Amino acid sequence: ASDVDARGNENDDDDVYEGFDGWLVQVMQNDRNRATLIQLETTLDSFVRNDSISELHVPPKKPLFRSILSRLALSYGLDNQLHSAAAHHSSELRAISLFKTLDTRIPHRKLSSILNNNSEN
């Protein structure tokens, strides 16, 4: 969506999301998914800052959650591995393990902060 500022310059809201995974931006328009993103970013920040652990195991989750986590993990430079469902879980539930790499870091820009700023406008 574009609008014009007081000086007559066109502002394109999409520029705010430049550099972010387009699928994540779209999925995060839902309030429930946005809450999940904020929770995951907090968890990933703590994981990346903790030098004493190199992998994080996430219990079995549904496909949408796993997709959000996997794509978000890429922005942190983390590798991930999907684990087969245990016999007692439904076939759509799978666990994920995240692994630190040489490229692991906390992103300079976070999608949650941009989404929060836009929701205030």
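The values are calculated or read from the model by the stated rules, or taken from the named source; none is laboratory data. Since the structure is predicted, the reported quantities are computational estimates derived from the model, not experimental observations. Neighbour counts are summed over all protein chains in view; Cβ atoms, including those assigned to glycine, are modelled from backbone coordinates with ideal geometry. Note: accessible area is taken over every heavy atom of the protein model, side chains too, but ligands, DNA and RNA are not part of it. Shrake-Rupley method; radii C 1.70, N 1.55, O 1.52, S 1.80 Å.
What to note about this one:
- Listed by first and then second residue, the pairs linking a residue in region 29-42 that is among the acidic types (Asp, Glu) to a residue that is open to solvent by 60 Å² or more (accessible area, probe 1.4 Å), with Cβ atoms under 6 Å apart and 6 or more places separating them unless they lie on different chains, form an empty list.
- Counted residues, region 47-68 - those being open to solvent by less than 90 Å² (accessible area, probe 1.4 Å), modelled with pLDDT under 95 and of a type outside the set (Gly, Ala, Ser): 9
- Number of residues in region 82-101 that are at pLDDT below 95 and either outside any strand (DSSP E or B) or open to solvent by 40 Å² or more (accessible area, probe 1.4 Å) (or both) equals 13.
- Given (1) part of a helix (DSSP H, G or I); (2) at pLDDT 90 or above; (3) buried (at least 17 other Cβ atoms within 10 Å of the Cβ), number of the condition residue 34 does not satisfy: (2)
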